[in-house]
Structures are given as structure tokens and as C-alpha cells.
Amino acid sequence: MDTLAYSSRMLSWAPLGKLLFVIVVLVVNITTGSMLVPFVTLAIGLILMAYSTNFRIPFMIALALGEAFFILVFGCGMVSISGDSGAVLWDTHVLWVHIHMTVDSFNKAWLILFRGVAGIAVMMAFATSTPIPHLSQALRQLRIPKEVSELVVLIYRYGFLLLERMETMWNAAHCRMGFNGFMNKIRTTASIAVGIFISSSNMSDKAQIALECRNYQGYFPVYNAPAKTGVKWVAVSVLAFVLIFVFGYYTEGLIDMSEIFFGEVF
């Protein structure tokens, strides 16, 4: 993600400005009941991702997004069959589960799904264009103590040491047939997790000594400081909120998903 963020066309944009814009878009995405607002939000996220990285996403991040989408679909499915008001579309029992789908619950499930997908797109546009060190430095504009921002960077960089140690242990176990069979996979994975937890304390001591040897004074110097947020970002964010909110206000109820799938229900 860092490599992707540092190669982004949006790298020079103010981190807090991007964060403000994303928060505003996400807030207006969930404050209106229009089915069309999530599509506007999704379009904004996709346009930003296309401009930022040409939709280049690491495989592990794509896998995590796929898992999140699956959980979102499953959750929306549960919402759709748990209705309590409105015209009934489907009422039955499947094993011990009582399915009671109404017009309101069906439309609400689709609205949640659209909002979730749109929110993921906007957040990915921000994550793939903002390195953690840039965001940490930008937080100082909000008068956040430098100890907090430096702690974020320190944890972020320390995480790479743990990942490197986990990869070494994983490869060593794989070379010794540690993942041969289901039970062996469980035992080996548990052993690696315990080993990382135990070695993390020793690794932190070594990391502290290494920092002191390099004259660490409690902060990481940044020679190419990120751009600061100005009035332009506030104006753009407010304008986006007003336009999307007004659009959602006048288009609320324009699309009825239950009518599209089931026709008019009396």
C-alpha cells in the first residue's frame, strides 16, 4: 500500500483535505434515503481511484475487499428477511429460521448494500493515495500532540518487522512440511502466532536500541512535508455536501427496488 500511495497522482494533495472530503462524502452518503446518492458516491470514489492509481490494488487488499463485500452482502440479506413493517413480499420458514421480507426491509437492504460499496470505494481512494507518515504529520495541524502522531508512525514501521518475522517463520514451517494436512495447519499456525507474540517483546527491545544508536529524539524528521489544508478544501467539501444532499433530497423515493424485482405490491 505504501508503494502504491507514494506513486499516486494524488500524493501531493493535502492529506487532511482529502480526509475532510472523504468524511463529508461518507456522511452525506448515509444521511439521505435516496438510492441514487450511493451511486454518486461510488462514482466519486471510482473517479478518484482511477485518477490516483488506475485501479491498481495489491492482491491481499483486493482479497480483503472481496471478503468485506461478501460479509456486506450476507448482512444485507439478513436485513431483507427481518422485516417488521410494510407490505409483505415473502413470509415462510426455512428450518428454524423465520423469513419475513417486506417492502421496507427489502429496500433498506439494498440501500445499505449500495452505501457500503460506495463507502468502500471512497475510502480506498483515500487509502491508496495517502501514506501513513504523511497522515501522521498532517495530524499536527489539528493540534494533536506530536507524541501521538509519532507513536502512529512508530507502530506503523514496527509492524513491518513483525510481518518480516512472520514470513520467515511461515517459510521455515512450510519447508518442514508443517502445513501438510488440516490438523498440521492448525498446529503450525497456532505455533507461529504464539512465536510472534513471544518474540515481539524481544524485537521491540532491539528496535529501541537501534533507534537510540541512531540518535532518535522522539520524532521522525520529514524533509518533504505534505501539503497543508487550506480554505479551498473546506469550500470544496461544503459544496460537495450541499450538492449531494440536495440531489438526494429531490430523488428520495424515486427508485423502489421492490417494485423493480417484484412489480407493484398492494
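The values are calculated or read from the model by the stated rules, or taken from the named source; none is laboratory data. The model shown is predicted, which means the values in this text are computed figures rather than measured ones. Glycine also receives a Cβ, built like all others from the backbone with ideal geometry; neighbour counts cover every protein chain displayed. Remember, those area values only see protein heavy atoms, side chains included, never the ligands or the DNA or RNA. Shrake-Rupley method; radii C 1.70, N 1.55, O 1.52, S 1.80 Å.
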Quiz item: within 16 Å of the chain's Cα centre (by Cα), surrounded by fewer than 19 Cβ atoms within 10 Å (Cβ to Cβ), in a loop (DSSP other than H, G, I, E, B) and at pLDDT below 90, is that true of Ile57?
Solution: yes
Quiz item: Do we have any residue at all in region 109-131 that's surrounded by 16 or more Cβ atoms within 10 Å (Cβ to Cβ), modelled with pLDDT under 85 and assigned to a helix (DSSP H, G or I)?
Solution: no
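Yes/no matrix, rows are residues, columns are (1) open to solvent by 100 Å² or more (accessible area, probe 1.4 Å); (2) in contact with a helix residue (DSSP H, G or I) (Cβ under 9 Å, 6 or more places away or on another chain):
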| site | (1), (2) |
| --- | --- |
| Arg143 | yes, no |
| Leu154 | no, yes |
| Asn171 | no, no |
| Met177 | yes, yes |
| Ser191 | no, yes |
| Phe197 | yes, no |
| Met203 | no, yes |
| Ala210 | no, no |
| Cys213 | yes, no |
Quiz prompt | Condition met for Ala138 (crowded, with 22+ Cβ neighbours inside 10 Å, modelled with pLDDT of 90 or more and not in a strand (DSSP E or B)) | solution = no
Practice problem: Could you pull out the residue among Thr32, Thr41, Thr3 that is within 24 Å of Phe245 (Cβ to Cβ), hydroxyl-bearing (Ser, Thr, Tyr) and modelled with pLDDT under 90? | Solution: Thr32
Practice problem: Sort through Phe74, Phe106 and tell me the only one that's closer than 29 Å to Gly248 by Cα, part of a helix (DSSP H, G or I), under 20 Å from the mean Cα position of the chain (by Cα) and not aliphatic (A, V, I, L, M). | Solution: Phe74
Quiz prompt | Residue tally, condition at pLDDT 80 or above and surrounded by fewer than 15 Cβ atoms within 10 Å (Cβ to Cβ), over region 216-246 | solution = 12
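Out of the residues in region 1-54 that are part of a loop (DSSP other than H, G, I, E, B) and of a type in the set (Gly, Ala, Ser), which is most open to solvent (accessible area, probe 1.4 Å)?
Step by step, filter region 1-54, then rank; the result is Ser12.
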